[in-house]
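Structure, as C-alpha coordinates:
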Amino acid sequence: MASPSKSDFPRFLDGDVLVVISPTQVYKLHSQVLAAHSSVFAEDIASNPGPRLNAQARRDNAVAYRFEFKRALEENQFGEFVRVEINESGRVVGPVLHIVLPDIENGKATDHSNRAWDWLFGIFYNREPVFDDSSLATVLSCVVALIECAESVGSSDHVRDVVDLALMRQDNVLWTSILGNPHVWIELGRRVRSPAIYSEAAIHLIGQWSTIADEEKNRISEDIRAILERKATELSLAKEAIELRILGHYPTFMRRAAADKPGRPSYSSDIYMWMCVCFFRQWFTQNISDDRTRRAPDGGLNFYTALHEGGGTYLTHMDFQEFHKYFPMSIKACHVLEANMGILKEDMKFFVADLMVEHTHLKRDKNEIHWLTCAKIKKEDMPWYKPDKIAKSTDALQSMYDDMDDEQAVMQGRHTADSGGKRSGHDDDYFRARPKKRAKVHELDSASESDYHEESSNDMFVSEAVDDLMEE
(Lines give C-alpha, C1' and ligand atoms only; values in the text may rest on other atoms or scores of the structure.)
Protein backbone atom coordinates (compact mmCIF):
# COMPACT_ATOMS: atom_id res chain seq x y z
CA MET A 1 0.00 0.00 0.00
CA ALA A 2 1.39 3.37 -0.96
CA SER A 3 2.21 5.73 1.86
CA PRO A 4 -0.08 8.74 2.16
CA SER A 5 1.13 12.14 1.08
CA LYS A 6 1.38 15.18 3.36
CA SER A 7 -1.93 16.49 2.12
CA ASP A 8 -3.98 13.42 3.03
CA PHE A 9 -6.72 13.79 5.57
CA PRO A 10 -7.20 12.59 8.28
CA ARG A 11 -3.57 11.55 8.82
CA PHE A 12 -0.88 13.95 7.69
CA LEU A 13 2.70 12.72 7.68
CA ASP A 14 3.93 16.07 9.02
CA GLY A 15 1.13 16.37 11.58
CA ASP A 16 2.38 17.02 15.12
CA VAL A 17 -0.87 16.29 16.99
CA LEU A 18 -2.47 12.88 17.47
CA VAL A 19 -6.19 13.05 18.26
CA VAL A 20 -7.64 9.75 19.43
CA ILE A 21 -11.41 9.32 19.44
CA SER A 22 -11.33 5.53 19.66
CA PRO A 23 -8.83 2.77 18.81
CA THR A 24 -10.26 2.75 15.27
CA GLN A 25 -10.66 6.50 14.85
CA VAL A 26 -7.38 8.41 15.04
CA TYR A 27 -6.37 11.73 13.45
CA LYS A 28 -2.88 13.08 12.87
CA LEU A 29 -3.27 16.82 12.44
CA HIS A 30 -1.34 20.08 12.76
CA SER A 31 -1.21 22.04 16.00
CA GLN A 32 -1.39 25.37 14.16
CA VAL A 33 -4.60 24.36 12.41
CA LEU A 34 -6.19 23.07 15.63
CA ALA A 35 -5.20 26.18 17.57
CA ALA A 36 -6.61 28.43 14.84
CA HIS A 37 -10.00 26.72 14.87
CA SER A 38 -10.45 25.56 18.47
CA SER A 39 -10.19 27.66 21.61
CA VAL A 40 -9.80 24.51 23.73
CA PHE A 41 -6.84 23.20 21.76
CA ALA A 42 -5.36 26.69 21.42
CA GLU A 43 -5.40 27.29 25.18
CA ASP A 44 -3.94 23.90 26.00
CA ILE A 45 -1.15 24.12 23.42
CA ALA A 46 -0.25 27.71 24.35
CA SER A 47 -0.16 27.03 28.09
CA ASN A 48 1.90 23.85 27.76
CA PRO A 49 3.96 23.66 24.53
CA GLY A 50 4.99 20.23 23.36
CA PRO A 51 8.52 18.84 23.80
CA ARG A 52 11.35 19.52 21.37
CA LEU A 53 11.57 16.21 19.52
CA ASN A 54 14.95 14.65 18.93
CA ALA A 55 16.30 13.91 15.47
CA GLN A 56 15.12 10.32 15.41
CA ALA A 57 11.60 11.31 16.44
CA ARG A 58 11.47 13.91 13.68
CA ARG A 59 12.65 11.36 11.11
CA ASP A 60 9.89 9.01 12.28
CA ASN A 61 7.32 11.81 11.97
CA ALA A 62 6.44 11.47 15.64
CA VAL A 63 3.92 13.79 17.26
CA ALA A 64 4.51 16.31 20.03
CA TYR A 65 0.92 16.34 21.28
CA ARG A 66 -1.60 13.61 21.99
CA PHE A 67 -5.24 14.21 22.92
CA GLU A 68 -7.62 11.40 23.83
CA PHE A 69 -11.35 11.88 23.94
CA LYS A 70 -12.92 10.82 27.21
CA ARG A 71 -16.63 10.29 27.03
CA ALA A 72 -18.84 11.51 29.85
CA LEU A 73 -20.27 8.82 32.07
CA GLU A 74 -23.32 10.85 33.05
CA GLU A 75 -26.30 11.35 30.78
CA ASN A 76 -26.79 14.75 29.09
CA GLN A 77 -23.03 15.37 29.16
CA PHE A 78 -20.80 15.13 26.13
CA GLY A 79 -17.21 14.50 27.16
CA GLU A 80 -13.83 16.19 26.82
CA PHE A 81 -10.33 15.78 25.48
CA VAL A 82 -7.58 14.78 27.89
CA ARG A 83 -3.97 15.47 27.01
CA VAL A 84 -1.40 12.71 27.28
CA GLU A 85 2.20 13.68 28.01
CA ILE A 86 4.76 13.07 25.21
CA ASN A 87 8.55 12.91 25.73
CA GLU A 88 11.34 14.08 23.41
CA SER A 89 11.31 10.72 21.64
CA GLY A 90 7.68 11.20 20.70
CA ARG A 91 6.55 8.43 23.01
CA VAL A 92 3.78 8.45 25.60
CA VAL A 93 4.92 9.03 29.17
CA GLY A 94 3.07 6.59 31.40
CA PRO A 95 0.08 4.37 30.51
CA VAL A 96 -2.34 5.29 27.74
CA LEU A 97 -5.69 6.50 29.01
CA HIS A 98 -8.65 4.21 28.69
CA ILE A 99 -10.64 4.93 25.52
CA VAL A 100 -14.30 4.02 25.24
CA LEU A 101 -14.72 1.65 22.34
CA PRO A 102 -17.22 2.48 19.61
CA ASP A 103 -20.52 0.65 19.42
CA ILE A 104 -20.32 -2.75 17.82
CA GLU A 105 -23.14 -3.98 15.63
CA ASN A 106 -22.95 -7.38 13.93
CA GLY A 107 -19.19 -7.40 14.39
CA LYS A 108 -18.78 -4.08 12.56
CA ALA A 109 -18.10 -0.73 14.17
CA THR A 110 -20.73 1.91 13.47
CA ASP A 111 -19.85 5.55 13.02
CA HIS A 112 -23.09 7.18 14.20
CA SER A 113 -21.53 8.57 17.39
CA ASN A 114 -18.10 9.47 15.98
CA ARG A 115 -18.62 10.55 12.37
CA ALA A 116 -19.15 14.18 13.45
CA TRP A 117 -15.43 14.38 14.29
CA ASP A 118 -14.66 13.63 10.64
CA TRP A 119 -16.88 16.55 9.63
CA LEU A 120 -15.46 18.90 12.26
CA PHE A 121 -11.77 18.28 11.63
CA GLY A 122 -12.47 18.23 7.90
CA ILE A 123 -13.96 21.73 8.18
CA PHE A 124 -10.69 22.84 9.79
CA TYR A 125 -9.03 21.83 6.51
CA ASN A 126 -11.72 23.38 4.27
CA ARG A 127 -13.37 20.05 3.54
CA GLU A 128 -17.13 20.41 3.21
CA PRO A 129 -18.98 17.70 5.18
CA VAL A 130 -21.41 15.46 3.36
CA PHE A 131 -24.59 15.03 5.36
CA ASP A 132 -27.42 12.61 4.78
CA ASP A 133 -29.95 15.06 3.31
CA SER A 134 -32.63 12.51 2.47
CA SER A 135 -34.92 14.22 5.00
CA LEU A 136 -34.92 17.10 7.43
CA ALA A 137 -34.73 14.64 10.33
CA THR A 138 -31.49 13.09 9.07
CA VAL A 139 -29.93 16.46 8.34
CA LEU A 140 -30.96 17.67 11.78
CA SER A 141 -29.38 14.64 13.48
CA CYS A 142 -26.15 15.26 11.55
CA VAL A 143 -25.90 18.97 12.31
CA VAL A 144 -26.75 18.50 15.99
CA ALA A 145 -23.95 15.93 16.28
CA LEU A 146 -21.57 18.37 14.57
CA ILE A 147 -22.64 21.23 16.83
CA GLU A 148 -22.06 19.14 19.95
CA CYS A 149 -18.55 18.22 18.83
CA ALA A 150 -17.77 21.81 17.91
CA GLU A 151 -19.06 23.17 21.21
CA SER A 152 -16.93 20.71 23.17
CA VAL A 153 -13.72 22.13 21.67
CA GLY A 154 -14.80 25.77 21.27
CA SER A 155 -15.21 25.70 17.49
CA SER A 156 -18.83 26.76 17.15
CA ASP A 157 -17.96 29.84 15.10
CA HIS A 158 -16.33 27.70 12.43
CA VAL A 159 -19.28 25.36 11.83
CA ARG A 160 -22.23 27.76 11.96
CA ASP A 161 -22.13 28.63 8.28
CA VAL A 162 -21.92 24.97 7.33
CA VAL A 163 -24.83 24.06 9.57
CA ASP A 164 -26.90 27.01 8.38
CA LEU A 165 -26.32 26.12 4.74
CA ALA A 166 -27.17 22.45 5.30
CA LEU A 167 -30.50 23.39 6.88
CA MET A 168 -31.28 26.06 4.28
CA ARG A 169 -31.01 23.47 1.53
CA GLN A 170 -34.15 21.85 2.94
CA ASP A 171 -36.03 25.00 1.86
CA ASN A 172 -39.82 24.67 2.35
CA VAL A 173 -39.43 21.54 4.47
CA LEU A 174 -37.41 23.58 6.95
CA TRP A 175 -39.79 26.56 6.97
CA THR A 176 -42.79 24.24 7.43
CA SER A 177 -41.10 22.59 10.39
CA ILE A 178 -40.38 26.02 11.91
CA LEU A 179 -44.02 26.97 11.39
CA GLY A 180 -45.12 23.93 13.40
CA ASN A 181 -42.50 24.16 16.16
CA PRO A 182 -41.24 27.77 16.38
CA HIS A 183 -40.37 27.51 20.10
CA VAL A 184 -37.94 24.66 19.35
CA TRP A 185 -36.39 26.19 16.26
CA ILE A 186 -35.79 29.58 17.85
CA GLU A 187 -33.56 27.88 20.41
CA LEU A 188 -31.74 25.92 17.72
CA GLY A 189 -31.45 29.06 15.60
CA ARG A 190 -29.73 30.82 18.49
CA ARG A 191 -27.50 27.83 19.14
CA VAL A 192 -26.12 27.88 15.59
CA ARG A 193 -26.54 31.67 15.36
CA SER A 194 -28.58 31.45 12.19
CA PRO A 195 -30.33 34.80 11.53
CA ALA A 196 -32.71 33.20 9.01
CA ILE A 197 -33.88 30.36 11.28
CA TYR A 198 -34.06 32.53 14.37
CA SER A 199 -35.98 35.31 12.59
CA GLU A 200 -38.47 32.91 10.99
CA ALA A 201 -39.30 31.31 14.34
CA ALA A 202 -39.39 34.66 16.18
CA ILE A 203 -41.86 36.22 13.71
CA HIS A 204 -44.29 33.32 14.12
CA LEU A 205 -44.04 33.51 17.92
CA ILE A 206 -44.51 37.29 18.01
CA GLY A 207 -47.58 37.08 15.79
CA GLN A 208 -49.35 34.69 18.13
CA TRP A 209 -47.73 35.75 21.41
CA SER A 210 -50.99 36.77 23.10
CA THR A 211 -52.50 33.31 22.55
CA ILE A 212 -49.47 31.22 23.58
CA ALA A 213 -49.88 29.55 26.96
CA ASP A 214 -47.55 30.70 29.76
CA GLU A 215 -46.32 27.14 30.15
CA GLU A 216 -45.06 27.12 26.57
CA LYS A 217 -43.57 30.59 26.92
CA ASN A 218 -41.61 29.44 29.97
CA ARG A 219 -39.99 26.72 27.87
CA ILE A 220 -38.21 29.44 25.91
CA SER A 221 -34.95 30.81 27.31
CA GLU A 222 -35.39 33.88 29.47
CA ASP A 223 -33.34 36.20 27.27
CA ILE A 224 -35.20 35.19 24.10
CA ARG A 225 -38.53 35.41 25.90
CA ALA A 226 -37.76 39.01 26.93
CA ILE A 227 -37.02 39.92 23.31
CA LEU A 228 -40.23 38.31 22.05
CA GLU A 229 -42.24 40.06 24.77
CA ARG A 230 -40.77 43.41 23.77
CA LYS A 231 -41.41 42.87 20.06
CA ALA A 232 -44.98 41.73 20.73
CA THR A 233 -45.60 44.87 22.80
CA GLU A 234 -44.19 47.06 20.03
CA LEU A 235 -46.49 45.40 17.50
CA SER A 236 -49.50 45.87 19.76
CA LEU A 237 -48.73 49.58 20.23
CA ALA A 238 -48.27 50.00 16.49
CA LYS A 239 -51.70 48.50 15.85
CA GLU A 240 -53.23 50.77 18.48
CA ALA A 241 -51.66 53.82 16.84
CA ILE A 242 -52.93 52.72 13.42
CA GLU A 243 -56.47 52.34 14.71
CA LEU A 244 -56.34 55.80 16.26
CA ARG A 245 -55.20 57.25 12.95
CA ILE A 246 -58.00 55.52 11.09
CA LEU A 247 -60.63 56.84 13.49
CA GLY A 248 -59.31 60.38 13.03
CA HIS A 249 -59.05 60.31 9.27
CA TYR A 250 -60.93 62.58 6.87
CA PRO A 251 -60.52 62.38 3.08
CA THR A 252 -58.45 65.27 1.78
CA PHE A 253 -61.07 66.81 -0.45
CA MET A 254 -63.36 67.40 2.54
CA ARG A 255 -61.04 70.05 3.91
CA ARG A 256 -61.70 73.76 3.49
CA ALA A 257 -59.41 76.78 3.60
CA ALA A 258 -60.31 79.29 6.29
CA ALA A 259 -59.41 82.13 3.95
CA ASP A 260 -62.23 81.06 1.61
CA LYS A 261 -64.80 81.50 4.41
CA PRO A 262 -66.73 78.37 3.44
CA GLY A 263 -70.44 78.41 4.14
CA ARG A 264 -73.24 75.86 4.26
CA PRO A 265 -73.42 75.41 0.45
CA SER A 266 -69.71 74.49 0.38
CA TYR A 267 -70.00 71.80 3.04
CA SER A 268 -73.29 70.49 1.73
CA SER A 269 -71.57 69.36 -1.46
CA ASP A 270 -69.71 66.72 0.59
CA ILE A 271 -72.71 65.51 2.56
CA TYR A 272 -72.44 61.98 1.17
CA MET A 273 -68.83 61.63 2.27
CA TRP A 274 -69.71 62.96 5.72
CA MET A 275 -72.36 60.25 5.96
CA CYS A 276 -69.80 57.65 4.88
CA VAL A 277 -67.34 58.83 7.54
CA CYS A 278 -70.01 58.50 10.23
CA PHE A 279 -71.15 55.09 8.95
CA PHE A 280 -67.56 53.80 8.74
CA ARG A 281 -66.63 55.02 12.22
CA GLN A 282 -69.70 53.41 13.72
CA TRP A 283 -68.78 50.10 12.08
CA PHE A 284 -65.13 50.46 13.14
CA THR A 285 -65.87 51.20 16.79
CA GLN A 286 -68.29 48.28 16.96
CA ASN A 287 -65.49 46.00 15.83
CA ILE A 288 -63.21 47.43 18.53
CA SER A 289 -65.93 46.88 21.13
CA ASP A 290 -66.37 43.28 20.00
CA ASP A 291 -62.58 42.64 20.19
CA ARG A 292 -62.28 41.94 16.49
CA THR A 293 -59.30 44.23 15.97
CA ARG A 294 -55.93 44.12 17.75
CA ARG A 295 -57.35 42.20 20.73
CA ALA A 296 -58.81 39.43 18.61
CA PRO A 297 -57.35 35.89 18.96
CA ASP A 298 -55.72 36.31 15.53
CA GLY A 299 -54.24 39.67 16.52
CA GLY A 300 -56.60 41.44 14.13
CA LEU A 301 -55.38 39.57 11.04
CA ASN A 302 -58.83 39.09 9.49
CA PHE A 303 -59.89 42.63 10.31
CA TYR A 304 -56.77 44.32 8.93
CA THR A 305 -56.83 42.05 5.89
CA ALA A 306 -60.36 43.21 5.10
CA LEU A 307 -59.27 46.85 5.39
CA HIS A 308 -56.31 46.16 3.12
CA GLU A 309 -58.38 44.40 0.47
CA GLY A 310 -61.22 46.93 0.59
CA GLY A 311 -63.99 46.58 -1.97
CA GLY A 312 -66.71 44.17 -0.93
CA THR A 313 -64.81 42.57 1.98
CA TYR A 314 -66.60 44.81 4.49
CA LEU A 315 -69.52 47.26 4.54
CA THR A 316 -71.11 45.54 1.60
CA HIS A 317 -74.21 46.44 -0.39
CA MET A 318 -76.30 44.46 2.11
CA ASP A 319 -74.97 46.64 4.94
CA PHE A 320 -76.02 49.73 3.03
CA GLN A 321 -79.50 48.32 2.51
CA GLU A 322 -79.78 47.91 6.27
CA PHE A 323 -78.53 51.48 6.68
CA HIS A 324 -81.18 52.81 4.29
CA LYS A 325 -83.94 51.32 6.40
CA TYR A 326 -83.26 54.18 8.80
CA PHE A 327 -81.99 56.67 6.22
CA PRO A 328 -83.87 56.06 2.97
CA MET A 329 -82.58 57.66 -0.24
CA SER A 330 -83.23 57.63 -3.94
CA ILE A 331 -81.57 54.96 -6.02
CA LYS A 332 -79.13 57.50 -7.43
CA ALA A 333 -78.26 58.78 -3.96
CA CYS A 334 -77.67 55.21 -2.77
CA HIS A 335 -75.16 54.67 -5.57
CA VAL A 336 -73.41 57.95 -4.81
CA LEU A 337 -73.16 57.04 -1.12
CA GLU A 338 -71.62 53.65 -1.86
CA ALA A 339 -69.22 55.23 -4.35
CA ASN A 340 -68.01 57.63 -1.67
CA MET A 341 -67.52 54.70 0.71
CA GLY A 342 -65.33 53.12 -1.96
CA ILE A 343 -63.13 56.22 -1.92
CA LEU A 344 -62.88 56.07 1.87
CA LYS A 345 -61.98 52.36 1.73
CA GLU A 346 -59.10 53.14 -0.61
CA ASP A 347 -57.72 55.52 2.00
CA MET A 348 -57.87 52.80 4.66
CA LYS A 349 -55.49 50.58 2.68
CA PHE A 350 -52.69 53.05 3.31
CA PHE A 351 -52.92 52.70 7.08
CA VAL A 352 -52.71 48.90 7.31
CA ALA A 353 -50.23 48.31 4.48
CA ASP A 354 -47.31 47.71 6.85
CA LEU A 355 -49.30 45.17 8.87
CA MET A 356 -49.92 43.12 5.74
CA VAL A 357 -46.23 42.70 4.91
CA GLU A 358 -45.15 39.07 5.33
CA HIS A 359 -41.55 38.71 6.48
CA THR A 360 -41.62 34.91 6.65
CA HIS A 361 -40.55 32.51 3.90
CA LEU A 362 -43.91 30.73 3.97
CA LYS A 363 -46.76 32.93 2.77
CA ARG A 364 -50.28 32.97 4.11
CA ASP A 365 -52.05 32.26 0.84
CA LYS A 366 -50.55 28.75 0.65
CA ASN A 367 -50.23 27.87 4.34
CA GLU A 368 -52.34 27.83 7.49
CA ILE A 369 -50.98 30.99 9.11
CA HIS A 370 -53.63 32.68 11.23
CA TRP A 371 -51.57 35.50 12.71
CA LEU A 372 -49.67 38.57 11.55
CA THR A 373 -46.15 37.99 10.27
CA CYS A 374 -45.15 41.62 9.84
CA ALA A 375 -42.68 41.81 12.73
CA LYS A 376 -39.18 42.90 11.76
CA ILE A 377 -36.26 41.10 13.40
CA LYS A 378 -33.14 43.25 13.37
CA LYS A 379 -29.65 42.26 14.44
CA GLU A 380 -30.15 43.87 17.85
CA ASP A 381 -33.15 41.56 18.37
CA MET A 382 -30.88 38.51 18.26
CA PRO A 383 -29.58 37.36 21.67
CA TRP A 384 -26.01 36.86 20.47
CA TYR A 385 -25.75 40.48 19.32
CA LYS A 386 -23.75 42.58 21.78
CA PRO A 387 -24.20 46.31 21.19
CA ASP A 388 -22.15 48.88 23.07
CA LYS A 389 -25.32 50.31 24.49
CA ILE A 390 -28.82 48.91 24.25
CA ALA A 391 -31.32 51.64 23.45
CA LYS A 392 -34.52 51.72 25.45
CA SER A 393 -37.54 50.23 23.79
CA THR A 394 -39.56 53.38 24.46
CA ASP A 395 -37.10 55.39 22.37
CA ALA A 396 -37.68 53.10 19.40
CA LEU A 397 -41.42 53.29 19.85
CA GLN A 398 -41.39 57.08 20.11
CA SER A 399 -39.41 57.21 16.87
CA MET A 400 -41.98 54.95 15.26
CA TYR A 401 -44.79 57.29 16.27
CA ASP A 402 -42.88 60.33 15.07
CA ASP A 403 -42.39 58.68 11.70
CA MET A 404 -46.14 58.37 11.35
CA ASP A 405 -46.55 61.92 10.05
CA ASP A 406 -49.93 63.41 9.50
CA GLU A 407 -51.46 61.14 6.88
CA GLN A 408 -53.40 64.09 5.55
CA ALA A 409 -50.31 65.19 3.61
CA VAL A 410 -50.05 61.81 1.92
CA MET A 411 -53.77 61.62 1.24
CA GLN A 412 -53.82 65.16 -0.11
CA GLY A 413 -51.15 64.29 -2.67
CA ARG A 414 -53.08 61.17 -3.71
CA HIS A 415 -56.44 62.89 -4.11
CA THR A 416 -54.91 65.87 -5.84
CA ALA A 417 -53.36 63.54 -8.39
CA ASP A 418 -56.61 61.57 -8.74
CA SER A 419 -58.66 64.73 -9.27
CA GLY A 420 -56.19 66.31 -11.67
CA GLY A 421 -55.30 69.02 -9.16
CA LYS A 422 -58.75 70.59 -9.08
CA ARG A 423 -59.03 70.70 -5.29
CA SER A 424 -56.28 72.44 -3.34
CA GLY A 425 -57.38 71.12 0.08
CA HIS A 426 -57.62 72.75 3.49
CA ASP A 427 -55.10 75.20 4.91
CA ASP A 428 -52.53 73.05 6.76
CA ASP A 429 -52.23 75.68 9.53
CA TYR A 430 -55.56 74.49 10.89
CA PHE A 431 -54.25 70.97 11.33
CA ARG A 432 -50.92 72.10 12.72
CA ALA A 433 -52.78 73.94 15.45
CA ARG A 434 -54.57 70.75 16.48
CA PRO A 435 -52.56 68.42 18.71
CA LYS A 436 -51.99 65.00 17.18
CA LYS A 437 -53.49 62.10 19.08
CA ARG A 438 -50.87 59.54 19.93
CA ALA A 439 -51.11 56.23 21.68
CA LYS A 440 -49.60 56.25 25.13
CA VAL A 441 -46.26 54.55 25.31
CA HIS A 442 -46.06 52.70 28.61
CA GLU A 443 -42.92 51.55 30.31
CA LEU A 444 -41.98 48.12 29.12
CA ASP A 445 -40.80 45.30 31.30
CA SER A 446 -37.30 45.93 32.59
CA ALA A 447 -36.33 42.48 31.39
CA SER A 448 -36.29 43.78 27.82
CA GLU A 449 -33.44 46.15 28.73
CA SER A 450 -31.26 43.55 30.44
CA ASP A 451 -28.07 42.19 28.93
CA TYR A 452 -28.53 39.15 26.75
CA HIS A 453 -26.77 35.93 27.58
CA GLU A 454 -24.51 34.55 24.93
CA GLU A 455 -25.52 30.92 25.31
CA SER A 456 -28.87 29.33 26.07
CA SER A 457 -29.73 27.90 29.49
CA ASN A 458 -32.19 25.50 27.89
CA ASP A 459 -29.74 23.23 26.08
CA MET A 460 -31.29 20.16 27.68
CA PHE A 461 -34.74 21.17 26.49
CA VAL A 462 -33.40 21.91 23.01
CA SER A 463 -31.89 18.44 22.76
CA GLU A 464 -35.17 16.80 23.81
CA ALA A 465 -37.18 18.99 21.42
CA VAL A 466 -34.81 18.25 18.55
CA ASP A 467 -35.33 14.55 19.20
CA ASP A 468 -39.06 15.15 18.85
CA LEU A 469 -38.52 16.92 15.53
CA MET A 470 -36.42 14.07 14.19
CA GLU A 471 -39.08 11.56 15.22
CA GLU A 472 -41.65 13.58 13.25
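Worth pointing out:
- Take each peptide in 12-23, 207-218, count the other Cβ atoms within 10 Å of every residue, and average; sorted highest first, the result is 12-23, 207-218.
- A simple count of charges around MET275, restricted to other residues whose Cβ falls under 12 Å of its Cβ and scoring Lys, Arg +1 and Asp, Glu -1, yields -1.
- Given LYS239/LYS379; LYS217/LYS349; LYS70/LYS379; LYS217/LYS345; LYS231/LYS363; LYS231/LYS345, the pairs whose alpha carbons are separated by over 31 Å: LYS217/LYS349; LYS70/LYS379; LYS217/LYS345
- Sequence-distant residues sharing a close amide H with PHE81 (under 5 Å, placed H): LYS70
- Counted by Cβ distance under 13 Å from ALA166, the other residues give a net charge of -4, where Lys and Arg count +1 and Asp and Glu count -1.
- Separation of the ARG83 and SER268 label points, Cα + 7 Å toward Cβ, nm: 9.8 nm
- Here GLU322 sits with roughly 90 square angstrom of accessible surface, probe radius 1.4 Å.
- Maximal additional length on extending the ALA72-GLN170 stretch stands at 32.0 nm, based on 0.36 nm per residue less the C-alpha distance.
- Net lengthening on full extension, GLN56/HIS158 (0.36 nm per residue, minus Cα-Cα): 33.1 nm
- Expressed to the nearest 5 percent, the antiparallel share of DSSP beta bridges inside the stretch 17-92 is 75 percent.
- Potential lengthening between ASN218 and SER330 on full extension [0.36 nm per residue; Cα-Cα distance subtracted]: 34.3 nm
- Sequence-separation-based contact order of the stretch 17-92, relative, with Cα cut under 8 Å and 6+ spacing, percent: 30 percent
- Environment charge at PRO182 (Cβ cut-off 11 Å; Lys +1, Arg +1, Asp -1, Glu -1): -3
- Take every Cα pair under 8 Å whose residues are at least 6 apart in sequence, average their separation, divide by the length of the stretch 112-237, and the relative contact order is 17 percent.
- Here the simple spin-label model places points 7 Å from the Cα toward Cβ, and for LYS386 and THR24 these points are separated by 4.2 nm.
The values are calculated or read from the model by the stated rules, or taken from the named source; none is laboratory data. Quick caveat: nothing in here was measured; it's all calculated off a predicted structure. Counting neighbours? That spans all protein chains shown, and the Cβs are built from the backbone with ideal geometry, glycine included. Quick note on the areas: whole protein, heavy atoms, side chains included, nothing else; ligands and nucleic acids left out. Shrake-Rupley method; radii C 1.70, N 1.55, O 1.52, S 1.80 Å.
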